[in-house]
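In what follows, a structure is listed as structure tokens, so that the remarks can point back to it.
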């Protein structure tokens, strides 16, 4: 039995994701697709629009055989650490033969060459890079230019400017770094640009779909969403629009859980964020992942102008500090994720358990294989964590806190019953 | 110049409070009334319905010459500690000659006798008390019965059952304890029963007025308020009702700041409370003021049934744990007020600054007298705290955090600009 691993966010799940699953099975010839997915928070440093169990259910209904949760410290990290966390997870799972990722370029050789250079850092490349930096270029520009010079291509910006190419390079770097036996594949993304806000006929971006869902609940939310205006559109019309964008089996879930479990926004955490920031000093901010001294001081100096979470993140932005970096930094402060936590995890192998969100009953055989081959304890119930090391317990507590917080926000927003992470049943589809 | 000190909450200010100020000046013959008032949180363990600056402004407009803020650790404490904190503050202010408090009984001699017995704990009284406790009586009943037996009155329950009598006894105990030269007076309360929820012709309880204000904004709040229903009453009608209940000079403020600065409820802090509880262990709960081991365990065991702040407090109630006690305990967890904080403060004199919320410009002379005679540094600007001891700085940080939190909730609820406690101007009326 051959297995392909997929690294995903599904925020939310749409046609492009279903295509990714199917095409991955096709190009690799694998018998099953196993997914490692972000939990309730995603890589751009924000809460996911809907909870992980709902997103996992959609994936299972659309072809994934099992969905595992990526620990929150990796799910919300920089592209490099996100990729390393996800790839090393699939590697340690012990059963994954292939990794298949979507990219804009669909050029595995090109991406691999770049990944190798970035790993090996040959002298000539390093020389170009240093010269460029000395000439005052920003790091991304300097790196891109140094790569072009070294590889002899007049301009490799087409490979380094698209977000999924960049992520692909990081996956390839990570595979090398952990000396994985997993074989990489790439397919061309069928969805539109990552940042594209408008709906396409069948393959829109997750971002465009989030905008659509956001407008369907504009009464509830205070944040502005750029893109087309659906302000006065009733949810039934939104569902009609979504029919072309998400698999049929997901539509019922989107309908049933609208304003029950989702949408969830950054600004739903405004007061929590503010509370946490008021309770801390700049010195203590620096202990959290992605918080530099400059950012810590900016947070402190601008705290009086905190109006809501999103607005505050935008307020902190500078030429040097990107929006995503700031989102991540603040999220890490709120979730209590410290630099030395991640350092400790990485020094001890990076993973300590494989938390299963759900699986397909008709592929239960996979679980037996994983339980036998995996280097990680298979975690199906949070009440049963005896096999997890002490450091793993610490990592797990962070995951649980993050999810309980997310659930609390849902409870508060939609006046629904709170479901503690300990009580969340594993999905069996 | 003779000065009378008043201990207040003004939650919110009403005719009964104005009467209290006027009558206090009259019965004591004092030239000025100085007020020490709770900040943004009150003694029953909840946030005040409106911020302290607004409540202080009303008091200044209605006869108070200066309003000082009672530190939050005393403002939200048990009756005994609340009284000790407030009385010792007035004492250390160095200029207060009289303390005048409202009581249901208007019997200073009767209250003083009881206070003396409770302070001296004569053997015979202690014997009665122990017997009663051994017989299985609850502490309040046992104490009441022991006092009756000792004093030879068939039943002194009329003195010990009314909340303002009880508070009066605590003031008298505190005056003895700090060996104060302040002379106590009492006047009969003109307002209706503390717990009375219905409006009276002119002197309603603060509780009834809070209910009225709550219903005027029932769309915004999720908590239930018992009492008459004003659900569909527009705010203009509510204001008409209030005309008979609050001084004219307060009406404009109530009108201007409705849904701008108030009303604020316990449930506006639901998510913050939940966040704090999720982040802690039962062992750490016990460190906070008013949290017993039993309560800490109840909190932990019921956390999954946290729906909102008020509902959770009600859920935790038992025969032994009163609602107010639970309110206070949870508030102290949220505000980070620990048992050893208060112990340290008490061991060092209890007060380290006199924080002035506002004063009447025509009585500026008072401030000079206070600045000269007071044992406490007069704090008029938070940027100017050099004269405050290190332990005082710690106490002040708790006060500031509590107020910034309250302001953040207002900002979040009414989408108004945040005003950091450091930027709050002192009132000059």
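Just so you know, all these numbers are worked out from the coordinates, no wet-lab data involved. Computed from a prediction, not measured in an experiment: that's the story for all the values here. Virtual Cβ from ideal backbone geometry, glycine too; neighbours counted across all protein chains shown.
Calculated FRET efficiency, residue A:183 to residue B:284, Cβ-Cβ distance, R0 = 51 Å: about 0.55 to the nearest 0.05. A Förster distance of 56 Å, applied to the separation of the beta-carbon atoms of residue B:394 and residue A:369, puts the FRET efficiency at 0.45. Partner shielding of A:259-268 amounts to 0, given as the average count of beta-carbon atoms from other chains within 10 Å of each residue beta-carbon. Largest GNM mean-square fluctuation across B:206, B:64, B:371, computed for chain B with C-alpha springs under 10 Å, falls on B:371. Per-residue mean of foreign Cβ neighbours for A:199-211 is 0 (Cβ atoms of other chains, 10 Å radius).
Shape call for segment A:27-97 from the C-alpha gyration tensor, a ≥ b ≥ c root eigenvalues: rounded (a/c under 1.5), prolate (a/b greater than b/c) or oblate? Oblate, because a/c is 1.5 or more while a/b does not exceed b/c. Packing around the peptides B:110-116, B:315-321, B:293-299, B:32-38, taken as the average count of other Cβ atoms within 10 Å per residue, puts them in this order, highest first: B:32-38, B:110-116, B:293-299, B:315-321. Sorting the segments B:383-391, B:342-350 by their residues' average number of neighbouring beta-carbon atoms within 10 angstrom, most packed first, yields B:342-350, B:383-391. Label separation (residue B:346 vs residue A:343): 4.2 nm, computed from points 7 Å beyond Cα along the C-beta direction.
Model label sites at residue A:417 and residue A:153, defined 7 Å from Cα along the beta-carbon direction, differ in position by 5.5 nm. Maximal additional length on extending the residue A:301-residue A:243 stretch stands at 16.2 nm, based on 0.36 nm per residue less the C-alpha distance. Shape of segment A:336-398 from the C-alpha gyration tensor: prolate (a/c of 1.5 or more and a/b above b/c, with a ≥ b ≥ c the square roots of its eigenvalues). Distances between equivalent label points of residue B:116 across the copies, with each point positioned 7 Å along Cα→Cβ, amount to 9.9 nm, shortest listed first. Take each residue in A:269-277, count the other chain C-beta atoms within 10 Å of its C-beta, and the mean is 6.
For chain A, what is the mean residue ellipticity at 222 nm derived from helices alone (per DSSP H run of n ≥ 4: -39500 (n - 2.57); sum divided by total residues; nearest 500 deg cm²/dmol)?
Values: 20 runs with 217 residues, N = 429.
Mean residue ellipticity at 222 nm (helix-derived): -15000 deg cm²/dmol.
For residue B:428, the point set 7 Å out from Cα toward Cβ sits 7.5 nm from its twins in the other copies, listed from shortest up.
Classification of chain B by its C-alpha gyration tensor yields a rounded form. The axis ratio a/c (a ≥ b ≥ c) stays under 1.5. When the Gaussian network model of chain A links Cα atoms closer than 10 Å, the mean-square fluctuations of A:130, A:259, A:413 top out at A:130. Model label sites at residue B:133 and residue A:109, defined 7 Å from Cα along the beta-carbon direction, differ in position by 8.9 nm. In nanometres and ascending order, the distances from the residue B:315 label point to those of the other copies are 3.3 (point 7 Å from Cα along Cα→Cβ). Please report the base-10 log of the normalised intensity I(q)/I(0) for the protein assembly as shown, using a Debye sum with one equal scatterer per alpha carbon and no solvent, at each q in 0.10 (1/Å). Cα-only, vacuum Debye calculation for the protein assembly as shown: -1.09. Name the residues of segment B:131-150 whose amide N is less than 17 Å from a point 7 angstrom out from the Cα of residue B:319 along the C-beta direction? Zone members listed by number: B:133-142.
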